[in-house]
Each structure stands twice: as C-alpha cells, then as structure tokens.
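Chemist: The following block contains the structure, expressed as structure tokens.
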Amino acid sequence: MGRLNVAVVGLGRIGRVHAEILFTRVEEARLVAVSDIIEDLARGVGEKYHIKWYTDYDKLLADDEVDAVFITTPTFLHRDMIVKAFEAGKHVFTEKPMTVTVDEARDVLRAAEKAGRHLMVGYMRRFDASYNRAKQEISSGKIGEPLVYITIARDPGAPPGWAADPKKSGGIFLDMLSHDFDMARFLMSSDVKRVYVEGAARLYDEIREKGDLDVVTINFEFTSGAFGMIHGSRRSVFGYDLRTEVMGTEGTVYVGSQRDPNFALGVKEGLIYNGVQWFWSRFYDAYVAEDKAFVESVLKDEEPPITGVDGLRVVQIAEACWRSWREKKPVEVEI
C-alpha cells in the first residue's frame, strides 16, 4: 500500500497523543509535519520527531508533501479548518465532535463530497476491544433482539478552558457525551429518533455561569423501537467511570471500567480496586487502532469506518438534547 504522509494540527493533549502514535505505532503512516499557533509547542514537537513544524495552518496546507491532516484543535475551529483542508486537496481525520452545530456539519459534508477526499471522525471507542466484543455478540444474535441501551459516563473533573463554554464546545452533550451517542448508534445498529433530557449545573460555578450543565440524564428512543438511557456527570471522585450495557430478549452484554483490572489490594476490609484516573489508560490501544484504520482506508481508497454522516448524526442528537432541556419536553431528532 505504501505510506501516507500525515500532519497533526493542534498540539494540545490529544494532538500530541496522535502525533506520538502516528510516528511510532502506525507503519503505514509517515508523520511529516505538525502545526500549532503556539510557536514553542510546534517547534518542540517538530524537533522531537525531526519533522517540519508550522504555526501557520495555511502554510501547512500548501505543503505538497502532506497527504492528510489530523485536526485536533478546539471544536469551534473544526468547520473552517476541515473545509480549508478539503479545498487544499487533503484527506481529513478530525477529532470528535465533528463540529459544534448541524449547519457546520452539513458544510463539512458538502466540502468532502466536492473535494472527493476521505473524512473520518475520531470516535475511538468503536476500536476498543471490549466494545468490539459487545458489538460482535449483539450482531451474532447472542442476546436476541436488543431492547435497551444504558450508559453511565462520569469524568473525574470539569473541562478546562474553552471546553467549559458550550458555545465553543457544544457543552456536555457534544464535548463529553458525543462518544456515548455514537456508541449507542454503533451497538444498537439504529439511529436515535427522540430524546428527553433532565439536567442541571450543580457541581461547578464556571459551568453554570457559561450556560452549560454538569449532571444530566437522557432518555431516548431508537428508530428500531428500542429504548436508551445515558447518565452523564462532570465529576467522579474516584476517577474515570464508564459503564455500558445492552439488554436483549435473550441476554445482556456489559462493558465497564470503574475499576483498574491490573491492580487490587486484598485486606481484611475486602478487595480494593483502583479506579481508572483518565481515559488515556483505558483507551490508548483504541486510539492506535483508530489511527491505523484511517490511514489504511485512505491508502486503499475505501470509506473510513466512521464517516462524516456518523459525525453529523451525533451533532443532530446533541442539538435535540439542548432543545429538550430548554423546552422541558421530548424532542424529535432531525435525521
């Protein structure tokens, strides 16, 4: 297949992870450039891998050596950066969520179609071994007809900086729970057609002041007739807490990470497990598999496993959630 020349744009926490994975773990990729508006950061990562570095995104896009870009910048920048990349003839991997609004997501899909380039959205849980096992068992009919999807998702703390502003991040429904909406569609093989939200800002003053929520419960119905529930919280005092189950007519599958499987302390009070402190330790291998899947899909000229339409569907669900919370009633999801 050869190798795909890639660049990472945005060198915050997740951008540096993608750069490290692409440089060291994906044989089919060749990391040729990185970019960030902070010069010291761009230079530092560039020099670390002995590759080109930019502070000007337009100059990176003008680099003919770059075949594809990984966009790992704040969400409110995604739409314009993705469209520019397609106009420059690049393939695009974008971190989740794809955009802040449905209108922006539709702009991205039009730009991808016009450019004839590949687009993949970074919902890495689809590449996690446990979630993939759950998908296989459900698809094989092992639990019968799927009836109910349930997820508990709790982060250890409040989001930093721009992510705390729902106008820039999409708020708790997009910035945090978009993974769970995507996984609901993935495991149930069905779209979400109606949502009803209850929630509040009870944990953090900054979140309340900026108009976001930090504790929510979302009840919803799938187009298949199945039901779902997602509970999300911006605080979990013992660490990252993610649990999912799908109940069917003949059984139930469970996926969970509320304890560390690698260490336990047995004492007279009982068996004590550490919690998972953050999602890096839980999903690093999934990030590797995700990056490989994008690179291989471009090299093979095949549709990526997570498409722009998948990204659009999540943004549509999130917008419906905000409407439901504001209007205090069930809301149909635009599909």
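Chemist: Output the number of residues of segment 194-219 satisfying the condition of being in contact with a Lys or Arg (Cβ under 6 Å, 6 or more places away or on another chain) and either modelled with pLDDT under 95 or crowded, with 20+ Cβ neighbours inside 10 Å (or both).
Modeler: Adding up the residues that qualify gives 1.
Chemist: So, in segment 255-266, how many residues would count as being in a loop (DSSP other than H, G, I, E, B) and modelled with pLDDT of 85 or more?
Modeler: Residues flagged as in a loop (DSSP other than H, G, I, E, B) and modelled with pLDDT of 85 or more within segment 255-266 amount to 0.
Chemist: Here's a follow-up. For residues in segment 285-335 being without any contact (Cβ under 8 Å) to a residue 24 or more places away in the chain and in a helix (DSSP H, G or I), which is farthest from PHE127 (Cα to Cα)?
Modeler: Out of the qualifying residues, it is GLU327.
Chemist: So, one more: Could you look through segment 169-208, keep only residues that are of a type in the set (Ser, Thr, Tyr) and under 15 Å from the mean Cα position of the chain (by Cα), and pick out the one that is farthest from PRO97 (Cα to Cα)?
Modeler: Among residues in segment 169-208 that are of a type in the set (Ser, Thr, Tyr) and under 15 Å from the mean Cα position of the chain (by Cα), the one farthest from PRO97 (Cα to Cα) is SER169.
Chemist: While we're looking at this one, here's another question. Given the criteria assigned by TED's automatic domain parsing to the domain that holds ALA320, of a type outside the set (Ser, Thr, Tyr), farther than 30 Å from ILE138 by Cα and out of contact with any Pro (no Cβ under 9 Å at 6 or more places or on another chain), does GLY211 qualify?
Modeler: no
Chemist: It is to be established whether one or more residues within segment 136-157 are in contact with a Phe, Trp or Tyr (Cβ under 9 Å, 6 or more places away or on another chain), crowded, with 17+ Cβ neighbours inside 10 Å, assigned to a helix (DSSP H, G or I) and not β-branched (Val, Ile, Thr).
Modeler: Scanning segment 136-157 turns up no residue that is in contact with a Phe, Trp or Tyr (Cβ under 9 Å, 6 or more places away or on another chain), crowded, with 17+ Cβ neighbours inside 10 Å, assigned to a helix (DSSP H, G or I) and not β-branched (Val, Ile, Thr).
Chemist: Also: Does segment 103-119 include one or more residues that are outside any helix (DSSP H, G or I), closer than 17 Å to ASP182 by Cα, assigned by TED's automatic domain parsing to the domain that holds SER236 and not polar (S, T, N, Q)?
Modeler: no
Chemist: Residue check: is GLU327 surrounded by 14 or more Cβ atoms within 10 Å (Cβ to Cβ), under 19 Å from GLU221 (Cβ atoms) and among the acidic types (Asp, Glu)?
Modeler: Spelling it out, it is not the case that GLU327 is surrounded by 14 or more Cβ atoms within 10 Å (Cβ to Cβ), under 19 Å from GLU221 (Cβ atoms) and among the acidic types (Asp, Glu).
Chemist: (1) surrounded by fewer than 18 Cβ atoms within 10 Å (Cβ to Cβ); (2) under 24 Å from MET124 (Cβ atoms); (3) touching a residue at least 40 places away in the same chain (Cβ under 8 Å): which one isn't true of LYS48, the others all being true?
Modeler: Condition (3) is where LYS48 drops out.
Chemist: Next up: So how many residues does segment 222-254 have that are buried (at least 16 other Cβ atoms within 10 Å of the Cβ), out of contact with any helix residue (DSSP H, G or I) (no Cβ under 8 Å at 6 or more places or on another chain) and not in a strand (DSSP E or B)?
Modeler: 2
The values are calculated or read from the model by the stated rules, or taken from the named source; none is laboratory data. The structure presented is a predicted model; accordingly, all values stated were derived computationally and were not measured. All Cβ positions, even for glycine, are placed from backbone atoms using ideal geometry, and neighbour counts span all protein chains on display.
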